[in-house]
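S.K.: Before I ask anything, here is the structure I am working with.
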Amino acid sequence: MKIASRFQASPESGAVQFQYDGETLTAPAGIPLAAALLAHSGGFSRQTAGGHDRTAFCMMGVCFDCLVEVDGIPNTQACMTPVRGGMVVRRQIGLRRLKGGSDV
Amino acid sequence: MAQTDADITIIGGGIVGLSVALGLLLAGRRVHVLDGADSDARASQGNFGLVWGQGKGWNFAPYASWTADALAAWPEFARKLSDLSGIDVALDQSGGYEFFTDMDEMDEFADMLAQQQRHLGTRFSHELLTGDELRSQMPGIGRDVVGASFSQRDGHVNPLRVLRALRRAVAAAGGRVSMGAQVDRIAPAHGGGFDLALKDGRSMGAERVVLCAGLGAASLAADLGFITQIRPQRGELLITEKLADRLPFLSSTIRQVDEGGVQIGGTKADAGMDDSETLDVMAGLARHAVTVFPALANVRVVRAWGALRVMSPDGYPVYARSSRHPGACLVTCHSGVTLASLHASVLADWIDETAAAPDLEAFDENRFALSSVA
């Protein structure tokens with residue numbers, strides 16, 4: 001297998017817009033959501049059950065520090081989720097509720 | 001012969017061995033615990049954490065009684081653990097359910113509980129609820145649940161914290177725990193006591209030994225003349241992501257850990273020493289949980305694992321003294337969490353043969369000799 005074949009070209013389908021806690025952000029379609037959030041700001045994108053701020057760290061699906069709510073689905077790994085136009089993203093604050101969403 | 005300064009050497013540093021060690025330490029004995037290798041089958045690191053009585057001993061009154069004593073002794077035990085270790089084991093004894101989706105199975109279990117009730121009288125209580133009664137009391141119970149039994153004495157703890165608390169409590173009470181000390185052979189020593197040969201080539205002496213090595217006890221039990229055959233029984237478990245809400249119930253198969261995750265388990269399989277998890281059993285567990293409480297359907301499972309229960313031939317505990325080698329005891333059981341409260345208290349009297357010793361004759365291993373003759 002050629003090493004090069006394991007890499008995909010950066011998506012060229014242009015910029016899309018999505019919601020992030022009510023703010024409208026713009027990012028290239030298809031890039032990891034975590035990358036888009038980091039490009040937007042270095043601020044926290046989730047809070048732990050103990051109230052500590054976190055954001056994406058490993059970018060490869062391992063550390064779970066990039067959890068956000070995407071289209072109502074809590075605890076979604078932003079680093080494993082491609083950006084799509086119109087998606088509604090919220091910070092994951094504390095533990096998820098049984099019926100989805102988080103405490104605030 | 002190499003001598004140690006301990007009166008009693010405990011072989012096995014899981015929940016059973018450490019509980020026994022703690023009881024003996026609190027009774028004033030000097031205790032050395034030999035804990036095996038990380039790779040050993042460690043029931044104490046894979047279990048479910050129930051402190052449970054429902055159904056136990058319905059067909060064997062001494063076990064029903066011993067379990068009822070254990071439930072009653074847990075609050076004091078949890079306090080003692082917390083005092084000695086600084087760790088809160090999250091004991092919650094606010095009652096537990098057994099849910100049914102099959103009426104015949106429920107009727108059968110109801111008969112068992114009636115027998116258990118006859119054994120225990122006022123030391124036990126249970127009620128039977130229909131599916132509709134459950135759903136009116138607890139919104140969210142699935143429509144395929146035909147009923148449940150409930151016992152207000154059942155409960156659960158955080159089992160990993162129990163293990164850690166026991167470790168710390170044993171150290172705080174002056175016990176010594178050696179890690180990576182796998183005992184390979186035991187032989188009676190000249191002039192009394194025992195010589196222990198460790199797998200790494202070390203040897204040590206022991207005045208008295210209590211064998212609490214779970215599945216690791218098989219060959220050592222035979223060395224000491226015990227006839228109990230211990231077998232593994234695999235259980236598989238799932239745990240979900242943590243939830244901010246509390247589940248409205250505790251059941252023998254679905255429990256919410258104090259930290260928020262929902263643990264689902266209760267399967268039984270004969271798979272030898274293979275403790276791996278299997279996809280079909282995991283799927284069955286998930287289906288069961290969603291049947292009982294449909295809101296769990298969109299909650300993620302984050303880990304699954306298998307673990308091996310420690311089973312005697314009849315499933316009941318064994319408390320036995322070696323007739324051939326005085327000074328050697330065998331303690332083995334499946335319900336090491338539930339029974340820990342007694343292992344860490346009155347069992348010390350039995351090991352020391354004091355006047356206060358509980359009557360554990362019914363748990364001697366001679367019951368297996370009789371059944372093999374019959």
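The values are calculated or read from the model by the stated rules, or taken from the named source; none is laboratory data. Quick caveat, the model's predicted, so the values are computed rather than measured. Every residue, glycine as well, gets a Cβ built from its backbone with ideal geometry; the counts of neighbours run over all protein chains shown.
S.K.: At least 2 residues that are more than 14 Å from chain B (Cβ to nearest Cβ) in each: list the strands (runs of 3 or more DSSP E) lying fully within the range A:26-104 that qualify.
M.R.: A:88-93
S.K.: Oh, and also: Looking for something in contact with a Leu (Cβ under 6 Å, 6 or more places away or on another chain) and within 27 Å of B:GLY36 (Cα to Cα) - is there at least one such residue anywhere in the range B:280-297?
M.R.: So far as the range B:280-297 goes, no, none of its residues is in contact with a Leu (Cβ under 6 Å, 6 or more places away or on another chain) and within 27 Å of B:GLY36 (Cα to Cα).
S.K.: While we're looking at this one, here's another question. Within the range B:310-374, which helices (runs of 4 or more DSSP H) (wholly inside it) include 2 or more residues that are at pLDDT 95 or above and surrounded by 16 or more Cβ atoms within 10 Å (Cβ to Cβ)?
M.R.: Where helices (runs of 4 or more DSSP H) fall fully within the range B:310-374 and carry at least 2 residues being at pLDDT 95 or above and surrounded by 16 or more Cβ atoms within 10 Å (Cβ to Cβ), they are B:340-343, B:346-352.
S.K.: To continue, here is another question. Would you mind finding the one in B:GLY96, B:GLY147, B:GLY131, B:GLY175 that is within 20 Å of B:CYS333 (Cβ to Cβ) and either in the same structural domain as B:ALA21 (by TED's automatic domain parsing) or surrounded by 17 or more Cβ atoms within 10 Å (Cβ to Cβ) (or both)?
M.R.: Being within 20 Å of B:CYS333 (Cβ to Cβ) and either in the same structural domain as B:ALA21 (by TED's automatic domain parsing) or surrounded by 17 or more Cβ atoms within 10 Å (Cβ to Cβ) (or both) holds for just one of B:GLY96, B:GLY147, B:GLY131, B:GLY175, which is B:GLY96.
S.K.: Criterion first (in contact (Cβ under 8 Å) with a residue 12 or more places away in the chain, of a type in the set (Phe, Trp, Tyr), within 26 Å of B:GLU105 (Cα to Cα) and in contact with a Ser or Thr (Cβ under 9 Å, 6 or more places away or on another chain)) does B:TRP52 satisfy it?
M.R.: yes
S.K.: Name the single residue that is farthest from B:ILE141 (Cα to Cα) among those in the range B:275-309 being among the polar types (S, T, N, Q) and assigned to a loop (DSSP other than H, G, I, E, B).
M.R.: It comes out as B:SER276.
S.K.: With the structure loaded, tell me whether B:GLY142 is in contact (Cβ under 8 Å) with a residue 12 or more places away in the chain, under 29 Å from B:VAL299 (Cα atoms) and in contact with a Pro (Cβ under 6 Å, 6 or more places away or on another chain) or whether it fails that test.
M.R.: Considered against the rule, which asks whether it is in contact (Cβ under 8 Å) with a residue 12 or more places away in the chain, under 29 Å from B:VAL299 (Cα atoms) and in contact with a Pro (Cβ under 6 Å, 6 or more places away or on another chain), B:GLY142 comes out as yes.
S.K.: Right, another one. Of the residues B:CYS333, B:CYS329, which is touching a residue at least 12 places away in the same chain (Cβ under 8 Å) and farther than 22 Å from B:VAL157 by Cβ?
M.R.: Just one listed residue meets the conditions, B:CYS329.
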